[in-house]
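Input: a single structure, listed below in structure tokens.
The values are calculated or read from the model by the stated rules, or taken from the named source; none is laboratory data. Predicted, not measured: the structure shown is a model, and the values here were computed from it. A quick note on method: Cβ atoms are made from the backbone with ideal geometry, for glycine too, and the neighbour counts reach across all protein chains shown. Accessible surface is based on the protein model in full, side chains and every heavy atom, while ligands, DNA and RNA are left aside. Shrake-Rupley method; radii C 1.70, N 1.55, O 1.52, S 1.80 Å.
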Amino acid sequence: MFEIRMESEGTIRLAGRLDAAEAERAQKALSAVHGPVTFDCEELDYISSAGIGVLIEAYKRIRAAGHEVRFVRMLPRVRSIFAYAGLDRVLNIE
Amino acid sequence: MVERRFRRDFASLDAIFTFVREFLDSHGIGERHAHDLELISEELFTNLVKYNREGAADIAIGLSWSRPEVTLTLRDFGVESWDITQAAPVDTGAPLERRRAGGLGLHLVRQIADRIDYQYQDRTSTITVTKRLEP
């Protein structure tokens with residue numbers, strides 16, 4: 001199960017498992033996100049390539065509009081997946 | 001080896017993850033290994049679902065354990081041959097704007113697994129992945 005929760009202004013909490021079965025729903029939810037955003041990943045337990053694709057799509061769109069995107073509090077096992085993909089060097093992961 | 005069949009649909013992923021965890025638990029293998037095996041299972045299963053749409057209704061997933069290696073097998077029936085071990089590598093050093101869509105899933109499997117084999121016979125594709133589990 002995957003959840004996206006809009007928290008304080010500009011902060012979005014990602015929680016659960018962002019896998020291929022959840023990717024389409026996640027993409028629809030993230031399409032409504034504009035402006036600078038911090039993705040709080042403390043509760044993001046798992047991500048696959050499908051989930052990464054959704055986040056990258058949102059990242060590129062928001063950045064193209066001139067806004068910052070940050071990923072914070074990522075679990076090591078999730079961060080390692082971004083590292084395998086070479087994305088830890090291009091995304092703002094704190 | 002234990003084997004189970006799963007409907008060719010992304011909605012099968014939860015059942016696949018449960019299958020993996022139950023297997024690990026039955027062999028006293030720590031849950032901390034579940035993440036990598038679930039990821040490998042998902043990436044290969046969804047790859048077959050996406051790219052072998054003409055295949056049979058179910059895909060068979062098998063698991064076996066021979067300390068310290070776990071072996072994961074996926075069998076896809078009634079399909080054309082497509083050797084995933086020959087898939088083009090992903091340039092993880094390329095900037096986002098230049099990266100092509102697709103291929104990341106297999107790239108992740110290559111990073112995590114120790115060995116990936118592909119066989120094709122009688123219109124059945126068999127992908128076999130082994131991973132050494134450190135204690």
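Quick check on my filter: what residues within region B:29-40 are open to solvent by 10 Å² or more (accessible area, probe 1.4 Å) and modelled with pLDDT of 90 or more?
Passing the criteria: B:I29, B:H33, B:H35, B:D36.
Strands (runs of 3 or more DSSP E) fully within region B:2-77 that include at least 2 residues being of a type in the set (G, A, S) and either under 21 Å from B:I112 (Cα atoms) or touching a helix residue (DSSP H, G or I) at 6+ places or on another chain (Cβ under 6 Å) (or both): B:58-66. Among the residues making up region B:41-76, those that are among the aromatic types (F, W, Y) and modelled with pLDDT of 95 or more are B:F45, B:W65. One residue stands out in region A:47-88 among those that are among the charged types (D, E, K, R), out of contact with any strand residue (DSSP E or B) (no Cβ under 7 Å at 6 or more places or on another chain) and more than 8 Å from chain B (Cβ to nearest Cβ): the one that is surrounded by the fewest Cβ atoms within 10 Å (Cβ to Cβ), namely A:E68. Of the residues making up region A:35-50, at least one is assigned to a loop (DSSP other than H, G, I, E, B) and hydroxyl-bearing (S, T, Y). Here is the figure for region B:57-77: residues that are surrounded by 13 or more Cβ atoms within 10 Å (Cβ to Cβ), over 14 Å from the mean Cα position of the chain (by Cα) and among the hydroxyl-bearing types (S, T, Y) total 0.
Note on region B:78-128: among residues that are in a loop (DSSP other than H, G, I, E, B), of a type in the set (D, E) and open to solvent by 90 Å² or more (accessible area, probe 1.4 Å), the one that is nearest to the other protein chains (Cβ to nearest Cβ) is B:D91. Is there a residue in region A:32-46 that is without any contact (Cβ under 8 Å) to a residue 24 or more places away in the chain, farther than 22 Å from B:H107 by Cα and surrounded by 14 or more Cβ atoms within 10 Å (Cβ to Cβ)? Scanning region A:32-46, I find no residue that is without any contact (Cβ under 8 Å) to a residue 24 or more places away in the chain, farther than 22 Å from B:H107 by Cα and surrounded by 14 or more Cβ atoms within 10 Å (Cβ to Cβ), so the answer is no.
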